[in-house]
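What follows is one structure encoded as structure tokens, with my remarks underneath.
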Amino acid sequence: MEEILNSPYVFPAIATALIIAVFPLVAGYIVLAERKVLADFQVRLGPMRVGPYGFLQPLADAVKLLLKEDIIPAAADTWIFWGAPVLSTFTALTAFAVMPFSDRFYVADVNIGILFILAMSSIGILGLILGGWSSNSKYSLLGALRSAAQMVSYEVPLGFAIVTALMVAQTLSMQGIVQAQYDKGIWIAFSNYGLMLIPTALFIIAGVAETNRAPFDLPEAESEIVAGFHTEYSGFRFALYFLAEYASIFVLCGVAVTVFFGGWLRPFANVGFLEVPLNVIFPILLFLLIGGGCGVGTMRVSQAYEKGIMAVLTLAMLLVAALFAIPAVNVLIIGFFWFLFKVLILIYMFIWFRGTFPRFRYDQLMQLGWRYLIPISMGGLVVNGVVLLLTS
Amino acid sequence: MATQTTFLDTNELVLNMGPQHPSTHGVLRVILKLDGERVLGTECVIGYLHRGVEKIAENRTYQQFAPYVDRMDYVAAVSNGLGYCMAAEVLGGIEVPERAQCVRVILTELNRIASHLLWLGTHALDIGAMTPVFYCFREREEVLKIFEKYCGARLTTHSFRIGGLQYETYDNFEKDCHTFCDWLDKKVDEYEELLTTNRIWVGRTKGVGILDAEACKAYGVTGPVLRAAGVAWDLRKAQPYCGYEKYDFDIPTCQNGDTYDRYIVRMAEFRQSTRIIRQAVDSLPSGPIKGKVSKVFKPPIGEAYVSIEAPKGELGYYIVSDGSVQPYRVRVRPPSFVNLQALDEMCRGALIADVVAIIGTIDIVLGEVDR
Amino acid sequence: MKQFLKTIFLVDLLQGLWVTFRNQKPSLIYTEQYPKERPSVAERYRGAPRLNVHPDTDETLCIACNLCALACPEELIVVGAERNEETRRKELTTFTYDTSRCMFCGLCEDACPVDALELTQDFELASYTREGAVWDRQMLEEGPLPTEYKH
Ligand code: SF4
Ligand code: SF4
């Protein structure tokens, strides 16, 4: 027993199982959050019918998608059609392997972590292209072509932005990058006299494009090419694409947070006197607030089962708040809290962009990528490099 | 373009867009010939919503046909009703009382706003901005509420009758109109903030689907599309009806005739419409609301063509009477149908994404195209 | 220059973001949770038809003049009448109204000389069968049963 526990594979295996088991649910709730936040921007309510305030909507969606008939078009290339979404999902989930959720919770800390993520996300494109190609539908094909062109061109500025950050961090390991920011006492996004803000902004823009989110959602532009590469997909396979999309959003935001925004570090990680307010009081207050919101919700809903769910939620939130008050537990989970908190803020921004901007056109997208983002990202690289040299 | 002939040249792709497509505004079917993403040519297939409205007219009395015209351009049902009623009134030589005319102006202008709001929302949605559509529908809801309070229906209102109005205005009608106009002006500012300067929006619309004044005239295109090309042609000014000459308003025009200009023109028309509504509401005379029409409306033998400025362009009704209670023939000149003919010219050389923007900017309603 | 700075700092985009952001205020939510919340319907709303009866005697107000049926463009009203031998008056026997074909234009209501036929504020007209959409005299007089919703 002792031996098994001491083996270096046990913890990663558990973490892997946990991620694979939990992430689909998390993705479901990110979708729900997206629908709710979008609804908020658009003076609507969003899902309200399944469960209290639509809380069980992800479950309903999942059941619906799983029970749907799996239609394969007669002219489709069956094997590729089957494999493509799996490929997408696989690569997107694999990228979680090096995600530094906290200083303790991660699957692996390899010394090429960031490269691994980039590699995985590039292979993920293949899933989209194959899916679009094998459906044998013109809309799907157009969507696949668009996604291929888009992802290839936006990977370049994305890469440059990361390289710039790596110059500052001087390591490729995800944990190492966070550690470097701790040592510097400043997030990479703000280091170098604020010059790093350029690659940060570029990374976010290119990241939105990389994950096919509005305003760069051309591969699935519903008003032009219906649903793009997944036009012909239904049921579970469609769900896989969905899962892959949200997984890659999560990964991308995770990378952004790790590389530019201090990973699991709290803001002002080196300022000692902020330890208690930020690490203890802030999460407690936050969860108390959410718990309070759930409590008010409990009063408002009418049905008994809804009341039950809301009450359980309230209690859960209060419990989490209480957990943060216990110093021993706090140390364990605070990194995780900050990581998730920052990722969720970024995801919120992604949704915000989606709710606000019109979509680019294909040629404009290419122009933006090649004419502006790539030169600027190269310039950012050079300028930051020079400044780094001069100051070191 | 596909003029090059090298061994890399590939075949053109024929893409069937519609009739079930998220952004063909109903059941328009456009067959696109594509070279990659570039459009080489288009062909419209229409008729999926054909209900034979003009033929129905021949089997209905004049009064009975009035509700059917609402179902052509159902987004601007009031304008349709106005056009038809005016044509029938000209045929029967009926004087419409002042008050009725004034209320007609208010309602048609409200309807113009509702129609433009729907256009703005769906157009923005086509271009990928998903939020304006919800804001627009919220504002449109207020217009529909006024309609509902006035005549009891929201969309296919049947609010006008031959000779005038059926319903007297309700209490607070004036106040509702004023509140709405004030509110809308603020909201239009908000839309402009969201879209007018937005670089993505400008990029997507500027220089897209250009139709210059000459081409507009050649195709018979009217309405905001024509005005965006720089021709200040508005039937409300050119041949005033319904007492439009009494109101002070401008014809917004632009120069380039592209999608962006059409957007600007329609945004300006919101403001002009609220201006007209305010004036009309303030000067609402009292008096009867219906002229002298006998229960059995039997116009003398003859014909009449009346055209009005509907939100989408010139809407004309041509009625031939054989002296009976039923029209011998009714012919409608629908602006959507005529404007749609310019689609091919506007789309050539554009990208797929532009086709969607152009269909949106022409502002068609398939109920009216197909009748 | 100002224009240039504006372009660089994405002022136009931020402006748009601000518009959507400030519209998040919960008080601005416009959704109506039908059927949980019922919409308020205008007094003049043209919805489900009703054949009015005298409030005291419960006798129908309809004089079976057939004007509504003549006025209707869709010819969906059928008025059945019988001559009462004693009073020498026409009396209403049957009245059918096909709501599935009706376009709620209100012409029948306008035509009725005694305000017997009226379009009311009730707007829930769905039925499970086509026959269910054809309302007979009893249905028209009593009105449709109010719909109960579980939510
Ligand atoms: S509302 Fe119109 S269509 Fe319906 S029964 Fe009355 S007249 Fe006929
Ligand atoms: S018009 Fe009125 S009174 Fe005459 S038959 Fe119809 S409902 Fe009865």
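The values are calculated or read from the model by the stated rules, or taken from the named source; none is laboratory data. Bear in mind the structure is a predicted one, so any value in this text is a computation, not a measurement. Backbone-built Cβ (ideal geometry, glycine too); neighbour counts: all protein chains shown. Note: areas computed on protein heavy atoms with side chains; ligands, DNA, RNA excluded. Shrake-Rupley method; radii C 1.70, N 1.55, O 1.52, S 1.80 Å.
Tabulated values for the structure
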item: For A:LEU66: the one exception among (1) of a type outside the set (S, T, N, Q); (2) surrounded by 20 or more Cβ atoms within 10 Å (Cβ to Cβ); (3) more than 27 Å from A:PHE203 (Cβ to Cβ); result: (2)
item: Residue within region A:329-336 that is β-branched (Val, Ile, Thr), surrounded by 13 or more Cβ atoms within 10 Å (Cβ to Cβ) and within 25 Å of the chain's Cα centre (by Cα) present; result: yes
item: Of residues in region C:12-44 being surrounded by fewer than 15 Cβ atoms within 10 Å (Cβ to Cβ) and of a type in the set (A, V, I, L, M, F, W, C), the one nearest to the other protein chains (Cβ to nearest Cβ); result: C:LEU28
item: Subset of region C:63-89 that is more than 9 Å from ligand 2 (Cβ to nearest atom) and part of a strand (DSSP E or B) - its residue that is nearest to C:PRO144 (Cα to Cα); result: C:VAL78
item: Residues of region B:237-260 that turn out to be assigned to a helix (DSSP H, G or I), open to solvent by 10 Å² or more (accessible area, probe 1.4 Å) and either within 18 Å of B:ASN111 (Cβ to Cβ) or not aliphatic (A, V, I, L, M) (or both), as a count; result: 4
item: Selected residue (criterion: nearest to A:ILE374 (Cα to Cα)) from residues of region A:186-231 that are of a type in the set (Ser, Thr, Tyr) and either more than 14 Å from chain B (Cβ to nearest Cβ) or part of a helix (DSSP H, G or I) (or both); result: A:THR200
item: Those residues of region A:252-282 which are closer than 19 Å to A:ALA165 by Cα and either in a helix (DSSP H, G or I) or polar (S, T, N, Q) (or both), in sequence order; result: A:LEU252, A:CYS253, A:GLY254, A:VAL255, A:ALA256, A:VAL257, A:THR258, A:VAL259, A:PHE260
item: Residues being within 17 Å of the chain's Cα centre (by Cα) and surrounded by fewer than 18 Cβ atoms within 10 Å (Cβ to Cβ) - total across region A:124-155; result: 0
item: Flag if A:PHE11 is away from chain B (no Cβ under 14 Å) and open to solvent by 40 Å² or more (accessible area, probe 1.4 Å); result: yes
item: Filtered residue count, region B:67-88, keeping only those that are crowded, with 24+ Cβ neighbours inside 10 Å and within 18 Å of B:LYS298 (Cα to Cα); result: 4
item: Long-range neighbours under 6 Å by Cβ, at least six apart or interchain, first residue open to solvent by less than 80 Å² (accessible area, probe 1.4 Å) within region C:59-87, second among the acidic types (Asp, Glu) and more than 7 Å from ligand 2 (Cβ to nearest atom); result: C:LEU76/C:ASP98; C:ASN84/C:GLU91
item: Extreme residue, farthest from the chain's Cα centre (by Cα), among residues of region A:301-318 that are surrounded by fewer than 12 Cβ atoms within 10 Å (Cβ to Cβ) and assigned to a helix (DSSP H, G or I); result: A:ALA304
item: Out of A:PRO47, A:PRO24, A:PRO85, sole residue that is under 21 Å from the mean Cα position of the chain (by Cα), at pLDDT 85 or above, crowded, with 16+ Cβ neighbours inside 10 Å and more than 14 Å from chain B (Cβ to nearest Cβ); result: A:PRO85
item: Helices (runs of 4 or more DSSP H) lying entirely in region A:1-97 (those with 1 or more residues that are among the aromatic types (Phe, Trp, Tyr)); result: A:10-41, A:78-94
item: Helices (runs of 4 or more DSSP H) wholly inside region B:8-108 containing at least 3 residues that are away from every other protein chain (no Cβ under 14 Å), more than 25 Å from A:GLU224 (Cα to Cα) and touching a residue at least 40 places away in the same chain (Cβ under 8 Å); result: B:77-92
item: The listed residue being away from ligand 2 (no atom under 12 Å from the Cβ), open to solvent by 20 Å² or more (accessible area, probe 1.4 Å) and of a type in the set (Gly, Ala, Ser), out of C:GLY47, C:GLY132, C:GLY143, C:GLY106; result: C:GLY132
item: Within region A:116-169, tally of residues that are assigned to a helix (DSSP H, G or I) and under 30 Å from B:HIS21 (Cβ atoms); result: 28
item: Test for C:ARG50: is it within 30 Å of B:ASP171 (Cα to Cα) and part of a loop (DSSP other than H, G, I, E, B); result: no
item: The one condition in (1) facing another protein chain (nearest Cβ under 9 Å); (2) within 18 Å of the chain's Cα centre (by Cα); (3) in contact (Cβ under 8 Å) with a residue 24 or more places away in the chain that B:VAL133 fails to fulfil; result: (3)
item: Residue check, B:ARG112 of a type in the set (Lys, Arg), open to solvent by less than 10 Å² (accessible area, probe 1.4 Å) and not in a loop (DSSP other than H, G, I, E, B); result: yes
item: Any hit, region C:96-119, residues being within 14 Å of another protein chain (Cβ to nearest Cβ) and away from ligand 1 (no atom under 11 Å from the Cβ); result: yes
